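In what follows, a single structure is set out as structure tokens and then discussed.
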Amino acid sequence: MNLRFEVIWNQLPMFANGLWNTVWICVVGMLLSLMAGIILVLPLISRRRSLQLPAELFVDVGRAIPFLMLVYLVFYGLPSFGLVLDRWTTAIVCLVLYNTAYIAEILRSAWANIPRGQLEAGRAFGFTGMGLLRRITLPQIMIAAAPVLGNQLIQIIKDSAFLAIITVPELTHAARTVQANHFVPFESFIFAALMYWGLCLLIEAGIKQVEQVRAVYAKY
Amino acid sequence: MLNTEIDTDTIPAVHLLYLCKKFGRHEVLTDINLKVVPGETVCLLGPSGSGKSTLLRCINFLETSDFGEIFLHGTRVAYGRSAGKKGLTEAELAKLRTRVSMVFQHFNLWPHMTVLGNIVEAPIHVQKRPRAQVIAEAEALLLKVGLLDKRDVYPSRLSGGQKQRVAIARALAMKSDVILFDEPTSSLDPELVGEVLSVIKQLAEDGMTMIIATHEMDFAREVASRVVFLDGGRVLESGEPKAFFRRPTTERARQFLERYVR
Ligand SMILES: Nc1ncnc2c1ncn2[C@@H]1O[C@H](COP(=O)(O)OP(=O)(O)OP(=O)(O)O)[C@@H](O)[C@H]1O
Ligand SMILES: [Mg+2]
């Protein structure tokens, strides 16, 4: 066996570019999903069944469809309806559609675990509607959900590898290109895998940090 | 006694007429008549399940009463069937709630805000009072409850007694007409009860209007200007604490006191 890691060394710019694309697509996808998730969680936690039902349906469907299937549907399926999205737009749209469901569910379960008394105190002190949400409920949801949201970011990064299939030049795509051009499958894929791992370690360190800070605010 | 000479014409801070409350078919409060004039400290006594918490929660609209009238400072704010909610918007309810503040059994401080943050939150964001002034008042209140040094600490770093004193300062900061206490010391370790009761006692001496549900009989005897005995959702007795503790008129109250006071 003769491994040629110098090829990887020479192709480093390609990997760096792939890594960068993976990072920004996932971060943008995460932020947009978070915003969408916050909006979607409102009907989920509302007391009105007529609002709850459609939101629950969205969450159910969102969690049932495999990510790759969603990518196929949007990239290859939507053009049948005259809606053609380029690969970058498809990447972001799919990440957001897919993760919004998960994030809304994460936020809902964080909400369900906030001691009711604190929300009641908010009402007793004259907060209502948006004021209650913005000042009392949402901050506590976010604090409670922070570590789980970090894990979701790791999930997004791993899912984003599927985007190679529609030729988004992210990390997996870079590895595939290098191996195809230079016939170094093991070197190329193991290097990309290590880069994913490094990314996850970084996020996990971030989660630890958040958990330490959070202990001050979240415990009651 | 503080309040025996209070002019009966004084406008009551809280006045309930025939207040009723049901949970489903279970009638929890029946024909509650209660008048609390400014400066009074009313202690609500009664066995577990007698409706003390529910009564307090009806007064600040955390529960919707089903029948009867509620007057706050002479203004009729709820009446008739579904007395609590009909005809009042959520915003109007919120405004009413700021005139009656509440101290909860489990403190219910907001964990994501500092001690000072907890106190100034509603005055600034609900009552829209000027920030600098509210903060200055909050610091004065913290001094009063003996916690000025904890100003920038988060609730998770406080003992139960300290949390409850912060909760009392938070209620005082609303400058409401009346403060409702729902068993303010029931979830405290015995050695922490005293520090909270002494703060409440000080408030009573300052002439704050308060309604306090409590199981602390010695405290009620000492601090209350009036005790109200609830049982099965009805007011069975209402009167001077001395007389009540010495000679309760109803058999139920006598049995209740035998269990609590030796
Ligand atoms: N949300 C609710 N739904 C249904 N029933 C309730 C609800 N809250 C209270 N009850 C019932 O109402 C009755 C009065 O309860 P409440 O909590 O007011 O009593 P309490 O005098 O405060 O008792 P304790 O001393 O144990 O705090 C009880 O029978 C209780 O089971
Ligand atoms: Mg109670």
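The values are calculated or read from the model by the stated rules, or taken from the named source; none is laboratory data. Here the structure is a predicted model, which means the values were calculated and not measured. All Cβ positions, even for glycine, are placed from backbone atoms using ideal geometry, and neighbour counts span all protein chains on display. SASA here: full protein model, heavy atoms, side chains in, ligands and nucleic acids out. Shrake-Rupley method; radii C 1.70, N 1.55, O 1.52, S 1.80 Å.
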Among the residues that make up segment A:151-172, is at least one of them closer than 22 Å to A:R116 by Cα and small (G, A, S)? no
Among helices (runs of 4 or more DSSP H) entirely within segment A:5-97, at least 3 residues that are open to solvent by 70 Å² or more (accessible area, probe 1.4 Å) occur in A:5-10, A:12-45, A:49-64
It is to be established whether one or more residues within segment B:133-141 are within 14 Å of another protein chain (Cβ to nearest Cβ) and part of a loop (DSSP other than H, G, I, E, B).
no
Just to be sure, is B:K144 farther than 21 Å from A:Q118 by Cα and either within 22 Å of the chain's Cα centre (by Cα) or among the aliphatic types (A, V, I, L, M) (or both)?
-> yes
Of the candidates B:D182, B:D177, the one satisfying the condition of being more than 13 Å from B:K144 (Cα to Cα), away from ligand 2 (no atom under 16 Å from the Cβ) and of a type in the set (D, E) is B:D177
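Let's see how each residue does on (1) touching a helix residue (DSSP H, G or I) at 6+ places or on another chain (Cβ under 9 Å); (2) at pLDDT below 90:
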{"position": "B:L44", "(1), (2)": "yes, no"}
{"position": "B:N60", "(1), (2)": "yes, yes"}
{"position": "B:F71", "(1), (2)": "no, yes"}
{"position": "B:T98", "(1), (2)": "yes, yes"}
{"position": "B:V115", "(1), (2)": "yes, no"}
{"position": "B:R131", "(1), (2)": "yes, no"}
{"position": "B:L141", "(1), (2)": "yes, no"}
{"position": "B:D152", "(1), (2)": "yes, no"}
- Inspect all residues belonging to segment B:90-100 and state whether any of them is under 16 Å from B:M174 (Cα atoms), part of a loop (DSSP other than H, G, I, E, B) and within 15 Å of ligand 2 (Cβ to nearest atom). no
Of the conditions (1) open to solvent by 10 Å² or more (accessible area, probe 1.4 Å); (2) part of a loop (DSSP other than H, G, I, E, B), the single one that B:E69 does not satisfy is (2)
Only one of (1) within 19 Å of B:F104 (Cβ to Cβ); (2) open to solvent by 20 Å² or more (accessible area, probe 1.4 Å); (3) touching a Phe, Trp or Tyr at 6+ places or on another chain (Cβ under 9 Å) does not apply to B:D231, and that is (1)
In segment A:118-144, anything facing chain B (nearest Cβ under 7 Å), of a type outside the set (G, A, S) and in contact with a Phe, Trp or Tyr (Cβ under 7 Å, 6 or more places away or on another chain) is listed as A:Q118, A:R135, A:I136, A:I143
Residue hits (segment B:204-220; within 18 Å of B:P248 (Cβ to Cβ), open to solvent by 30 Å² or more (accessible area, probe 1.4 Å) and either within 16 Å of ligand 1 (Cβ to nearest atom) or touching a strand residue (DSSP E or B) at 6+ places or on another chain (Cβ under 8 Å) (or both)) are B:H215, B:E216
When (1) modelled with pLDDT of 95 or more; (2) within 12 Å of another protein chain (Cβ to nearest Cβ) are applied to A:H173, the one that fails is (2)
Does B:L109 satisfy the criteria of being away from ligand 1 (no atom under 16 Å from the Cβ), out of contact with any Gly (no Cβ under 6 Å at 6 or more places or on another chain) and at pLDDT below 80? no
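So if I check each of A:P115, A:P147, which one is facing another protein chain (nearest Cβ under 9 Å) and touching a residue at least 24 places away in the same chain (Cβ under 8 Å)?
Values: A:P147 fails: facing another protein chain (nearest Cβ under 9 Å).
That would be A:P115, the only listed residue that is facing another protein chain (nearest Cβ under 9 Å) and touching a residue at least 24 places away in the same chain (Cβ under 8 Å).
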Taking segment B:25-71 and keeping only residues that are within 12 Å of ligand 2 (Cβ to nearest atom) and more than 14 Å from chain A (Cβ to nearest Cβ), one is left with B:V28, B:L44, B:L45, B:G46, B:P47, B:S48, B:G49, B:S50, B:G51, B:K52, B:L55
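Identify, please: which residue in segment B:102-120 is at the interface with another protein chain (Cβ under 7 Å from one of its Cβ atoms) and open to solvent by less than 20 Å² (accessible area, probe 1.4 Å) and is, among those, farthest from B:M208 (Cα to Cα)? It would help to see each step written out before you state the result.
Keep residues of segment B:102-120 that are at the interface with another protein chain (Cβ under 7 Å from one of its Cβ atoms), which gives B:102, B:104, B:106, B:108, B:110-112.
Those still in the list that are open to solvent by less than 20 Å² (accessible area, probe 1.4 Å) too: B:102, B:104, B:108, B:110-111.
On the way: B:M102: 13, B:F104: 17, B:N108: 22, B:W110: 25, B:P111: 27 Å.
Applying the filter and picking the extreme gives B:P111.
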Matching residues in segment B:49-71 (more than 11 Å from ligand 1 (Cβ to nearest atom) and among the hydrophobic types (A, V, I, L, M, F, W, C)) number 5
From the option list A:V213, A:V184, single residue qualifying as of a type in the set (V, I, T), within 14 Å of chain B (Cβ to nearest Cβ) and over 19 Å from the mean Cα position of the chain (by Cα) is A:V213
For segment B:174-186 the number of residues that are away from ligand 1 (no atom under 16 Å from the Cβ) and closer than 14 Å to B:V199 by Cβ is 1
